[in-house]
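Note sheet for the following structure.
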């Protein structure tokens, strides 16, 4: 899954670029060490004229 992650006090707000999926929050005080961000998506576009 590729999601956008926004840090808000004590929580993470998770959103998708696909409007079919509703955003959700993760309460960090309940998670402990059970969450990990394992990568980052980067976009690169090269045009050759």
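Here, each number is a calculation from the coordinates, and none is a lab measurement. Source: prediction; values computed, not measured. We place every Cβ from the backbone using ideal geometry, glycine too, and count neighbours over all the protein chains shown.
Relative contact order of the chain: 25 percent, from C-alpha pairs under 8 Å at least 6 residues apart in sequence.
Dividing the summed -39500 (n - 2.57) terms of all DSSP H runs of n ≥ 4 by the residue count of the chain sets its mean residue ellipticity at 222 nm at -1000 deg cm²/dmol. Peptide packing: for 9-18, 40-49, the average count of neighbouring Cβ atoms within 10 Å per residue gives the ranking 9-18, 40-49, highest mean first. Restricting the calculation to alpha carbons of the chain gives Rg and Dmax of 14.6, 52 angstrom.
Ranking 31, 1 by Cβ neighbours within 10 Å, fewest first, what do you get?
Values: 31 11, 1 5.
Ordered by Cβ neighbours within 10 Å, fewest first: 1, 31.
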